[in-house]
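The values are calculated or read from the model by the stated rules, or taken from the named source; none is laboratory data. It should be emphasised that the depicted structure is a prediction, and the values quoted were computed from it without experimental measurement. Cβ placement follows ideal geometry from the backbone for every residue including glycine, while neighbour counts extend to all protein chains displayed. Side chains included, ligands, DNA and RNA excluded: accessible areas come from the protein's heavy atoms. Shrake-Rupley method; radii C 1.70, N 1.55, O 1.52, S 1.80 Å.
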Amino acid sequence: MTDPKGSVDRLRGFLTTQVAGPLAALLVAIVVFSATTDTFLNPANFSLMLQQSVVIGTLAIGQTLIILTAGIDLANGAIMVLGTIVIAQFALDGNIVLGLMLGMLACAAAGALNGMIVAKWKLPPFIVTLGTLTVLTATARLMTDSQSLPVERGLLTVMGQGFSVAGFTVSWGVVTWLALTAGFAYALGRTAWGTHVYAVGDSPNAAKLNGIKVDRVLFSVYVVAGLVYAVGAWLAMGRTPIADPSAYQTANLDSITAVVIGGTSLFGGRGGVVGTLIGTLIVVVLQNGLTQAGINSLYQQIATGALVVVAVLVDQIIRRKDR
Amino acid sequence: MTDAAVHPSVPETTDEVVLYAKGLKKKYGHVTAIADADFQLCANEVLAVIGDNGAGKSSLIKAITGALAPDEGTVFLKGQRVHFKNPLDARLAGIETVYQELAVCPELDIAANMFLGRERRRPGWRGGLLRGLDKAAMRKEAADHMEELGIRVQSITQRVETLSGGQRQAVAVARAAAWATNVVIMDEPTAALGVRETGQVLDLILRVKARGLPVVLISHSMPEVFQVADRIHIHRLGRREAVVDPAMASMRDVVAVMTGALAGSELPSALKAGPGS
């Protein structure tokens, strides 16, 4: 197809810049836990770990888009929870498809609100999304009187079901998560929109001088992230069949953790969703493996926290070296 | 106000003149940024625009390229009157600008930077439905443009971050030269560069000219201007004070006009170059 030199370049680019570090860390963790425990390495445990990854992993995809623009989204968990509440309320009234569509709409609208404030009024994303986090969380509670809604309905919980291949169970949620990752890897790496997302995060001034409409790109990123969170809401109901306005309170920080460990730079312009997929898996593998090894769960948190600092440090070192 | 009626023989219609502006004025309250300024760029030349800080060089260029709306005055491109509402209009008319700050994205590779904002999609459904970029074609074309200007890099897929400041500016110059069909404007392109890298960029300016594109070089570095310019437009107090021939005039003459020690009208005519002198 293409010249071999191009593919060699591409391979080298893949190995040196993008996901090599996180991937190596993930493989080391898997090897260590497989060697030190009897229970880690088996199909049931691996499929469990994948299921545990889907919700945070999906939120982390939207988070990646926003962090690539040098932003941050503290409201993503709240947007997703609002999505589950909207879906559940309309589904209880009898129309599941309408519920899902309105949930999508609600999440997109919440993303659009963040995007508009960040892009048009140039306020810092940290503060903007801190504000909408509080507002949306309270809104979700007001909508249900702080009660949880049951969502025991076929289509709503379908993401928790799946199929089995050679003793390895794959849920539709896992399939959706992987498909979303592949889709956004393509959109970021192979389309003009993706190039513009990187350019805006890397150097908004250069992007503007080259005729890119920076605020339009920023706005689109927040709306698209909102839609991804809506998918997250559907996946969350597949995991736990209730819509709980108090759930997923640390999902925002967990998703940032996954993104950072996956090698995406908090300064914007560098990273991607494949790294985030690996970062998500690293966190889950650490939790699972340390539990299998009988180590106190507080040490898991210490390990995850240390990993975040290491990831940011590595990013900083790469930047200092190159500039 | 019809310019041609007032000046029946204004030279904006000749084939030689690529970009021409007459009677540009711009005031901000009591501050005059452009005071009845004229401008003329001919084919196959490097025209330096030089002036003290605050003389209004940048305002003049902005008024010509649409970054700033002049209160009065007219601009002609190849004899056609033009109204650029923003820099994008000027770009669409084939006028490209290289800025003093490095307007490249370090995280993107050279090819992506050359096509930034003007990406090319693949033919067929992969470019249409899937909006896929034709990376191979963009890389090939970017490499051709770099080669044409004699800019050497390891690989077109190198991230710009791995390049030196001079190489980064070279990418910006190559980008401008690749897209410009009429004029390349360089706004203090060496301001952020060291001595050796400045030399490289000056070489590039001459190569762009050799390719048939006239260049406007805004600068306040006298040696730089004398090294590459065919004519020097001296800007002072918001207007064109004189246009001199660097082969005839000395740096001292130019500095004298720039600082107001010598009025443009007092310059010996042998030192002058072209209309407006």
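For the range A:41-317, the solvent-accessible area with a 1.4 angstrom probe is 40 square angstrom per residue. Accessible surface area normalised per residue over chain B is 44 Å², counting heavy atoms of protein chains with a 1.4 Å rolling probe.
How large, in percent, is the carbon and sulfur part of the accessible surface of the range A:41-317 at a probe radius of 1.4 Å?
On the way: 7680 of 10980 Å².
Carbon and sulfur: 70 percent of the exposed surface of the range A:41-317.
Over the range B:89-237, all Cα pairs binned in 10 Å intervals from 0 give whole-percent P(r) values of 11, 40, 33, 12, 4, 1, listed from short to long. Other protein chain C-beta atoms within 10 Å of residue C-beta, averaged over B:104-112: 6.
Take the Cβ atoms of B:R252 and B:V31, set R0 to 25 Å, and the FRET efficiency comes out at 0.25.
Quantify how strongly other chains surround peptide A:199-208 by giving the mean number of their Cβ atoms within 10 Å of each of its Cβ atoms.
5
This model, with +1 at the C-beta of Lys and Arg and -1 at the C-beta of Asp and Glu, gives the protein assembly as shown a dipole about its Cα centre of some 400 debye. What's log10 of I(q)/I(0) for the protein assembly as shown at q = 0.07, 0.09, 0.11, 0.12 Å⁻¹, Debye sum over Cα points only, no solvent? Computed log10 I(q)/I(0) values: -0.55, -0.80, -1.02, -1.13. Taken about its Cα centre, the range B:188-277 carries a charge dipole of about 180 debye when Lys and Arg each add +1 at the Cβ and Asp and Glu each add -1 at the Cβ. From the P(r) of the range A:41-317, could you give the percentage of C-alpha pairs in the tail past 24 Å? Pairs farther apart than 24 Å: 49 percent. Most simply put, the protein assembly as shown has about 65% antiparallel DSSP beta bridges, counting only bridges with both residues inside it.
Residues whose amide H falls under 5 Å from that of B:R122, counting only those 5 or more places apart or on a different chain, are B:G127, B:G132, B:L133, B:D134, with hydrogens built in the peptide plane.
Which order do B:S58, A:S255 take by accessible area at a 1.4 Å probe, largest first?
Details: B:S58 50, A:S255 0 Å².
Per-residue accessible area, sorted high to low, gives B:S58, A:S255.
The modelled label-to-label distance between A:T291 and A:I318, using points 7 Å beyond Cα along the C-beta direction, is 3.0 nm.
Evaluate E = 1/(1 + (r/R0)^6) for B:L206 and A:V32, where r is the Cβ-Cβ distance and R0 equals 60 Å; express this FRET efficiency to the nearest 0.05.
So, using R0 = 60 Å, E works out to roughly 0.50.
Close amide H partners of B:R239, meaning residues 5 or more places away or on another chain with modelled amide H under 5 Å apart, are B:A35.
With each run of n ≥ 4 DSSP H residues scored as -39500 (n - 2.57), what mean residue ellipticity at 222 nm is computed for the protein assembly as shown after dividing by its residue count and rounding to the nearest 500 deg cm²/dmol?
Working: 23 runs with 323 residues, N = 600.
Rounded to the nearest 500, it is -17500 deg cm²/dmol.
Working note: Karplus 6.51/-1.76/1.60 with θ = phi - 60° gives the range A:50-67 the couplings 4, 5, 5, 8, 5, 5, 5, x, 6, 4, 5, 5, x, 4, 4, 4, 6, 5 Hz, where Gly and Pro are set to x. Each residue of the range B:119-129 was assigned a 3J(HN,Hα) from its phi angle through the Karplus expression (A = 6.51, B = -1.76, C = 1.60, θ = phi - 60°), giving 4, 10, 9, 5, x, x, 5, 5, x, x, 5 Hz with x at Gly and Pro. For the range A:41-317, build the charge dipole from Cβ charges (+1 Lys, Arg; -1 Asp, Glu) around the Cα centre, then report which of A:V223, A:A44, A:W193 sits farthest towards its positive end. Farthest towards the positive end: A:W193.
Accessible area buried by the pairing of B and A, both sides summed with a 1.4 Å probe, works out to roughly 2200 Å².
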